[in-house]
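All remarks here apply to the structure that follows.
What follows is calculated from the coordinates using simple rules that are stated; it is not laboratory data. None of these values were measured; they are calculated from a predicted model. A quick note on method: Cβ atoms are made from the backbone with ideal geometry, for glycine too, and the neighbour counts reach across all protein chains shown.
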Ligand code: PEP
Ligand code: MG
């Protein structure tokens, strides 16, 4: 299978009728970066930085973070690197940072909420990311955004950090793009407003599905309800992509659904710019793209949007699967 797809690495990632989609990798370490490059990733669409903070005894200092971000940025050789700021809490805990027990950790003290409550930690990370931006096209992405206030508060802290770096004459990309994860229904409903204040969107389908369906993504008892082809999620995605398009900002998808073999017609129909997924999904999905038409995808998207159940949507997608020789 792997060998069969090897030739796909060097082909342009284009549909049969010429729509290009950029394939990026989700990574959480330098090691995964090497695998991503081998799989033909054209960038890193999601660097989950929380793994830098896990399995250790204290918070990583600026220098240590900077070295890692810079190494990844340099390995990219000019391809973009999206660094997501710390997304701990929820299912991800740190031994040295005791968070209170919570009844609903996924709805709790996590992600951007911690960064805004602990500007000391946030600033250290932002400094490290900004410094790395001197070594390649780095972008910053905030997780779990639910309001414009959060974006503005985070950007105020970012501006302070930029100011400090400037005063210290430490070089960085002064126009570093700043984007947000769209992974909470509130962000979808505000997507048109958010799009005016950020440089890009990345749809996190894992959390967006969890919150849209009120299905805990870690709870095995209800795992059968965690249905990515639910019509409500399809609508959420459509609203988000259309808001980005209207505001003329790029939109990508970085949740698990991006790499799902059936989902490609959805991205093609909506004209999504890029997909970010685990490295091993890149070539299989890219190979599908080579055999799929955007125009046909748009036609079946019309049918899917009229579906009232996930079973109907899945029936359409499964019968649409292109034959790959
Ligand atoms: C998501 O929520 O879809 C996502 C990509 O982030 P994570 O899985 O790290 O929460
Ligand atoms: Mg998430």
Which whole-number percent gives the relative contact order of the range 59-156, counting Cα pairs below 8 Å spaced six or more residues apart? 42 percent
Of 263, 128, 315, the one that fluctuates the most in a GNM where the chain has Cα springs shorter than 10 Å: 315
For the chain, modelled as a Gaussian network with Cα springs under 10 Å, which listed residue fluctuates most, 302, 256, 242? 302
Using Cα pairs closer than 8 Å and at least 6 residues apart in sequence, work out the relative contact order for the range 7-125, in percent. 22 percent
Just the projected area, averaged over all directions, of the convex hull on the alpha carbon atoms of the range 3-63: how many nm²? 5.9 nm²
In terms of the ratio Rg/(2.2 N^0.38 Å) built on C-alpha atoms, what value belongs to the range 46-117? 1.23
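Only helical DSSP H runs with n ≥ 4 go in: add -39500 (n - 2.57) per run for the chain, normalise by residue count and round the 222 nm mean residue ellipticity to 500 deg cm²/dmol.
Numbers: 15 runs with 151 residues, N = 325.
Roughly -13500 deg cm²/dmol at 222 nm, from the helical runs in the chain.
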Going by how many other beta carbons lie within 10 Å of each one, how would you line up 216, 91, fewest first? 91, 216
Can you sort 220, 183 so the residue with the fewest Cβ neighbours within 10 Å comes first? 220, 183
Pick from 130, 116, 283: which residue has the top mean-square fluctuation in a GNM of the chain where Cα pairs under 10 Å get a spring? 116
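What are the semi-axes of the equivalent ellipsoid for the range 221-319, taken as the square roots of 5 times the Cα gyration tensor eigenvalues, largest first, in whole Å? Write down the numbers at each step before the final one.
Working: eigenvalues 72, 57, 46 Å².
They are 19, 17, 15 Å, listed from largest to smallest.
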By how many nm would the segment from residue 64 to residue 315 lengthen if fully extended, with 0.36 nm per residue of separation less the alpha-carbon distance? 85.5 nm
Kirkwood Rh over alpha-carbon pairs of the chain, then Stokes-Einstein at 37 °C and 0.692 mPa s: what D in µm² s⁻¹, rounded to an integer? 162 µm²/s
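How many percent of all Cα-Cα pairs in the range 14-167 sit more than 18 Å apart?
Values: 7073 of 11781 pairs.
Percentage above 18 Å: 60.
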FRET efficiency for residue 17 and residue 306, Cβ-Cβ distance as r, R0 = 25 Å, nearest 0.05? 0.60
Counting only C-alpha contacts under 8 Å and six or more residues apart, can you give the relative contact order of the chain as a whole percent? 20 percent
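Which order do 267, 262 fall in if you start with the one that has the fewest other Cβ atoms within 10 Å? It would help to have the intermediate numbers written out before the result.
Working: 267 28, 262 17.
Least to most surrounded, the residues fall as 262, 267.
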